[in-house]
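Beneath this line is the structure, given in C-alpha cells, with notes to follow.
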Amino acid sequence: MNPFPLSSVNGELNGTLSPMDRGFSYGDGVFETIKIEHGVAPLWQVHWARLVESLSQLDISFDAARFECYLSSFMQEVHKICDQQSYTDVVILKIMVSRGVVMARGYWPSHRGNSPVQPSDSKATTQPTIVFTANLLSSASSSAICVWRCPIRLSHQPLLAGLKHLNKLEYVMAAGAVPTDYDDGLLLDMSGHVIEATTSNIYAIIGGFVVTPVLHECGVNGVLRRVLIEQVGSELGDPECLVEERVLTFEEFISAEALFVTNSVHGFRYVKKVTWHDERQGVEVPAKLNDADFPITHPAVEKLQAQCRLVVESGRFSRRFW
C-alpha cells in the first residue's frame with residue numbers, strides 16, 4: 001500500500017484542518033511546491049526566500065523556529081517511509097502557511113469595536129497554521145509541450161503580483177478550459193499581454209535573446225525564473241544568458257523564434273505548439289482555431305539551461321534532508 005500522500009498540520013502527522021482556518025475560508029495564506037531528489041531540495045533557499053517575502057507582504061506573522069521544528073519532524077517521517085519502501089522517486093513537498101484559525105467572522109481577523117485593526121496589530125490575534133504534504137512525482141515530464149491559450153484573463157492586482165498565494169481560482173478555471181490533449185494553458189492579462197502558463201513561467205526567444213513577461217500586475221514569480229534573472233543572467237554578464245523582463249504581446253509571442261517554460265519541479269521544457277481561437281471584440285470565436293509550431297531546440301535556450309544547471313548543481317541554494 002502506497003503511504004503517500006503524507007501530511008502534517010501544525011506538527012501533527014496526518015492531522016486535521018479547522019474549518020475556521022483562514023486559509024480554507026479566504027485563501028488567506030501562501031504555499032510553495034518543492035522538488036526533493038535523493039533527499040535534497042536543490043532550490044530550497046530560493047523557495048524559503050519567497051515564502052518569507054510573501055508572508056511579510058500579507059502581514060502574516062511567522063515563527064521560523066516553530067516552522068523548522070515541524071518541518072524537521074515531518075521530513076524524518078518522509079525519509080523513514082522512503083527507506084522502508086525503497087522509494088528512489090522524486091518527492092514533492094508542498095508547504096502551506098495560512099494566517100491561522102480565527103473564530104470571529106469578517107475579512108480582517110480582529111476588530112476593535114466597529115473598526116478593523118491596522119495590519120501591524122494583527123500579529124497578536126492568531127498563530128499561523130503550517131501544513132506540509134509529501135507525495136511522489138506522478139509521472140516524468142515531456143521535454144516539449146503543447147499549450148492552449150485560455151479564455152480566462154488574469155486580473156490586475158499589484159499587491160499580490162508575484163506571490164504564490166492560496167487563492168488560485170483564476171488558475172483553477174483556466175486549467176479547466178484546457179483540452180485534455182494539451183499539456184498547459186497560456187494565460188494573458190486583462191490588457192491581452194502574455195503573462196505565464198498555468199503551471200509555469202514562460203519565455204520567448206526574440207532576436208536571439210530571451211524575453212519573459214514582466215509580472216508587476218499579476219502572475220507568479222517562479223523560483224527558477226528568479227534564478228535565471230537574478231543569478232544566471234546577472235552574474236555571468238553574458239548577453240546571451242540575460243533574461244529581459246518586459247511587456248510581451250501575444251503577436252510577438254507567437255512570432256518568436258522559440259518558446260520555453262520553466263518551473264521548479266519539471267525544469268526547462270520547450271513549447272512545440274500554441275493553439276488559440278480567434279477573437280472578435282474580445283470574445284473568442286469557437287469555429288476559428290489557429291496553431292503555431294515552434295522548434296524543440298534553440299542555441300540560446302540550450303546555453304541558458306546549461307548555465308542554469310551549473311548554478312543549481314553548485315549547491316548554493318540546496319538543503320539536504322537526508
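Which longest run of the chain has no exposed loop site in it, a site being trypsin sites (Lys or Arg not before Pro) in a DSSP loop with at most 13 other beta carbons within 10 Å, and the site itself not part of the run? Between the exposed loop sites, the longest stretch runs 106-315. Using the Karplus relation 6.51 cos²θ - 1.76 cosθ + 1.60 with θ = phi - 60°, the per-residue 3J(HN,Hα) values for the range 31-39 come to 8, 9, 10, 10, 7, 10, 10, 6, x Hz, with x marking Gly and Pro.
In units of the rule-of-thumb radius 2.2 N^0.38 Å, the chain shows an alpha carbon radius of gyration of 1.05.
Taking a straight line from the alpha carbon of K80, these lysines sit under 19 Å away, with near neighbours fewer than eight places off in the same chain left out: K35, K94. For V211, neighbours were defined as the other residues whose beta-carbon sits under 9 Å from its Cβ, and their charges (Lys and Arg +1, Asp and Glu -1) total -2. On the principal axes of its alpha carbon atoms, the range 183-322 extends 52, 32, 26 Å, with the longest extent given first.
Summing -39500 (n - 2.57) over the DSSP H runs of n ≥ 4 in the chain and dividing by its residue number, what mean residue ellipticity at 222 nm do you reach, to the nearest 500 deg cm²/dmol? It would help to have the intermediate numbers written out before the result.
Values: 7 runs with 73 residues, N = 322.
Roughly -6500 deg cm²/dmol at 222 nm, from the helical runs in the chain.
Laboratory data are not the source of any read-out in this text; all were calculated from the coordinates shown. All figures in this text were calculated on a predicted structure; none of them were measured in a lab. Note: ideal-geometry Cβ built from the backbone for every residue, glycine included; neighbour counts use all protein chains shown.
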